[in-house]
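The values are calculated or read from the model by the stated rules, or taken from the named source; none is laboratory data. What you are looking at is a predicted structure, and each value in this text was computed from that prediction instead of being measured. All Cβ positions, glycine included, derive from the backbone under ideal geometry; neighbour counts span all protein chains shown. All accessible areas refer to the heavy atoms of the entire protein, side chains included, with ligands and DNA or RNA removed. Shrake-Rupley method; radii C 1.70, N 1.55, O 1.52, S 1.80 Å.
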Amino acid sequence: MVAKGDMLYAWASTEEGVKKGECGGAVTALLKYALESKMVDGVLVVKKGADIYDATVEVVTNPAEVEKASGSLHCGTLLLSKILTKYLAGANGMKLALPVKGCDTMGILELARRNQINLDNLILIGLNCGGSVSPIDATKMIKDKFDTNPDDVVKEEIDKGQFIIMTKDGHHKGISIDELEEDGYGRRSNCRRCLYKVPRQADLACGNWGVIGDKAGKATFVEVCSDKGATLVSKASAAGAVVTSAADPKGIAIRGKVEGAMLKLGNKWRKHDFSALSDNLWDTIKAETSRCIKCYSCIENCPVCLPIEKELKAATTMVPTGQIPPSPMFHMRRFAHISDSCINCGQCEELCPMDIPLALLSHAVRAETDATYNPKLGSAPYKN
Ligand code: FAD
Ligand code: SF4
Ligand code: SF4
Ligand code: SF4
């Protein structure tokens, strides 16, 4: 029997499943088993749309469809929490299993706290996450740094600190993420500052860190984080959907070291980004937001802006309507509102049509609030 706290290696029980999966296909096999065994009514998958820069979501109810979404999309910067509330009634009335990165997990928990998502109806299969790359920046990076036509790239992966591309003629090329980031490319800036690399508040935390020996690249390291996660792995393993073995103690130690190094790097980026703002945060906010066209995207896509959405869309004395750019109070109200709850998911910045560095500003406000009112917490929401 698998129990909460266990650390395992897991892989799909079929050769095809292992081959198609990013690291042995355990996540796909678990999602598929949850559907086949009727633990859930549907599986929400993230899959390739038109190309590798186009991550899309789909709820599938046919187990065979789950396999079509195998593999990791590092240029997939979707946030799944708002998709659950906007299109799936917060999982009320439908049991769902889904793969979640750290920011997806945090967004789901924030919306569950606001009674917008029914956690009882969800199985969250967490994915460790070193970061994702904005699709537009990825195409520029591939052109400029890889000297490759982005349309020729059929697969990308992140392995041993490198961003690696594979082209349709079978060529591989990898460049270290450190080098890419020194030159202004690489992961989204919020991802560089992210400290939630292993999503232990999901039911399982799955990733490639710590898989060593002959299983390297062919299995996923699974940390069992809840009783729900333990039940899923136990049943899937008993039914022959996944194969598991105890994680190698050396692998467990290596995983811990890599996570520690990633947290150190995240803190380095926080220092770098926030210290550049520290003397003039409010002046920077005013200057940057002066090109706002009040499209509301930053509010509609934020998992924690919920209660303020109505207020900012209504004609209030604080924020008069009919002005572009809007009065600075439009942004001040939003920043005040998210000051104790921004999860640094990056959605506001990613989707702002005026390229305002909103996540940087929101995260800096959150960090400043934490440092002032809750110094023990530091600036690391969900740090574990
Ligand atoms: P598969 O069976 O291939 O299933 C993968 C599942 O992930 C599919 O269900 C698919 O729908 C879903 N998925 C694909 N892209 C996304 C996305 N962008 N957002 C949400 N779901 C998605 N592991 C580490 O140990 N260290 C890392 O630094 C790390 N970084 C990652 C960064 C990203 C952006 C992603 C998506 C994953 C990352 N992982 C990382 C996890 C790792 O790549 C594998 O996903 C994990 O080991 C499971 O492998 P698998 O073969 O079992 O998954
Ligand atoms: Fe991954 Fe964190 Fe970026 Fe989300 S914010 S994609 S969890 S690094
Ligand atoms: Fe995410 Fe931006 Fe909202 Fe913060 S303010 S939670 S970064 S969308
Ligand atoms: Fe303004 Fe950008 Fe927000 Fe749109 S997304 S309201 S342009 S700050």
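Computed from phi, the 3J(HN,Hα) profile of region 62-69 under the Karplus parametrisation 6.51, -1.76, 1.60 (θ = phi - 60°) reads 9, x, 5, 6, 4, 5, 5, 9 Hz, with x in place of Gly and Pro. Label-to-label distance, ASN149 versus ASP41, with points set 7 angstrom from Cα along the beta-carbon direction: 4.6 nm. The GNM of the chain, with springs linking C-alpha atoms under 10 angstrom apart, assigns the highest mean-square fluctuation among ILE293, ILE177, ILE356 to ILE293. Solvent-accessible surface of protein heavy atoms, probed at 1.4 angstrom with all chains present, puts ILE254, ILE164, ILE324 in the order ILE324, ILE254, ILE164, largest first. Residue separation of ALA246 and ASN374 scaled by 0.36 nm, minus their Cα-Cα distance, works out to 42.2 nm of gained length. Simple spin-label estimate for THR317 and LYS19 gives 7.0 nm between the two label positions (7 Å along the Cα-to-Cβ direction from each Cα). Simple spin-label estimate for ALA64 and ALA89 gives 2.9 nm between the two label positions (7 Å along the Cα-to-Cβ direction from each Cα).
Here region 134-186 is assigned +1 on the Cβ of each Lys and Arg and -1 on the Cβ of each Asp and Glu. Its dipole about the Cα centre then comes out at about 200 debye.
Multiplying the residue separation of LYS168 and ILE254 by 0.36 nm and removing their Cα-Cα distance gives an extension gain of 27.6 nm. Here the gap between ALA238 and TYR296, fully extended at 0.36 nm per residue and compared with their Cα-Cα distance, gives a gain of 16.0 nm.
What percentage of all Cα-Cα pairs in the chain are separated by more than 29 Å? When every Cα pair of the chain is considered, 44 percent fall beyond 29 Å. The residues neighbouring LEU78, those whose beta-carbon lies less than 10 Å from its own, together hold a net charge of 0 under the Lys/Arg +1, Asp/Glu -1 convention. The value obtained for region 6-111, namely the Cα convex hull volume divided by the number of residues, is 121 Å³ per residue. In the chain, the portion of solvent-accessible area held by carbon and sulfur atoms comes to 53 percent [1.4 Å probe, whole percent, DNA, RNA and ligands not counted].
Counting only protein chain heavy atoms and rolling a 1.4 Å probe, the accessible areas of SER341, SER189 rank, largest first, as SER189, SER341. Distance from the alpha carbon centroid of region 155-192 to that of region 210-260 works out to 26 angstrom. The residues of the chain expose, per residue, 45 Å² of accessible area to a 1.4 Å probe. Shape of region 94-229 from the C-alpha gyration tensor: prolate (a/c of 1.5 or more and a/b above b/c, with a ≥ b ≥ c the square roots of its eigenvalues).
Normalised radius of gyration (Cα atoms, divided by 2.2 N^0.38 Å) for region 134-186: 1.02.
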